Amino acid sequence: MSRDLDRIDERILEELEADGRLSIVDLAARVNLTNTPCSERVKRLEKTGYIRRYKAVLDLDKLGASHLTVVQVSLTATADNSLDAFNAAVKRIHEVESCVMVAGAFDYHLTVRTRDMAHFREVLGDQINKLPGVHQTSSFAVMEVVKDEGRFRPRQA
């Protein structure tokens with residue numbers, strides 16, 4: 001956490017991360033400020049990039065994307081241009097929810113959202129396995145999501 005943020009800024013970030021639709025009035029009450037200073041702090045947090053954007057958290061089961069699979073990807077080479085080509089191409093696959101490069105026995109860790117196993121098989125065969133430089137993939141169907149808050153919580157001093 002940057003030294004530019006004080007405890008009130010951290011509380012504002014926590015509250016907005018939990019509910020990005022909070023009004024300034026409600027947010028100010030939750031962080032014990034009046035409206036104008038709270039609004040100024042939020043604008044500063046947005047301008048300085050601590051708040052990059054606001055978004056809705058969707059119910060993926062209701063949207064027909066309840067099947068989650070973790071895919072480990074190994075590349076044939078990891079020179080800069082190979083990584084760049086893979087990175088650019090994987091961003092174009094709608095079903096890839098996240099893609100992180102990792103150090104270890106494989107190069108990338110993907111989470112893939114699909115309707116069902118048949119749909120995942122299509123995405124794997126028609127798109128993921130055809131990404132630039134893919135040598136091997138290993139897939140793991142997720143049986144249960146135990147924790148997926150996707151939230152940052154500053155450590156209390």
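Nearest 0.05, what FRET efficiency do THR137 and ILE8 give at R0 = 41 Å with Cβ-Cβ as r? After rounding to 0.05, the efficiency reads 0.35. In this rough spin-label picture, where each label sits 7 Å from Cα along the Cβ direction, the ARG121-VAL70 distance is 2.3 nm. Within the same chain, aspartates and glutamates fewer than 8 places from LYS62 are excluded, and of the rest, those with a Cα less than 20 Å from its Cα are GLU95, GLU97, ASP116, GLU144, ASP148, GLU149.
Projected onto their three principal axes, the Cα atoms of the chain cover extents of 56, 38, 27 Å, largest first. Is segment 67-141 best put as rounded, prolate or oblate by its Cα gyration tensor, with a ≥ b ≥ c the root eigenvalues, rounded for a/c under 1.5, and otherwise prolate when a/b is larger than b/c, oblate when not? It is prolate, given that a/c is not under 1.5 and a/b is the larger ratio. Computed from Cα atoms alone, the Kirkwood hydrodynamic radius reported for segment 7-47 is 9.8 Å.
The C-alpha atoms of the chain define a longest principal axis, and helix 35-47 lies at about 30 degrees to it.
The angle between the Cα long axis of helix 117-126 and the longest principal axis of the Cα atoms of the chain comes to about 70 degrees, rounded to the nearest 10.
Every number in this text was worked out from the coordinates using simple rules, so none of it is lab data. Bear in mind the structure is a predicted one, so any value in this text is a computation, not a measurement. Please note: Cβ atoms are built from the backbone with ideal geometry, for glycine as well, and neighbour counts cover all protein chains shown.
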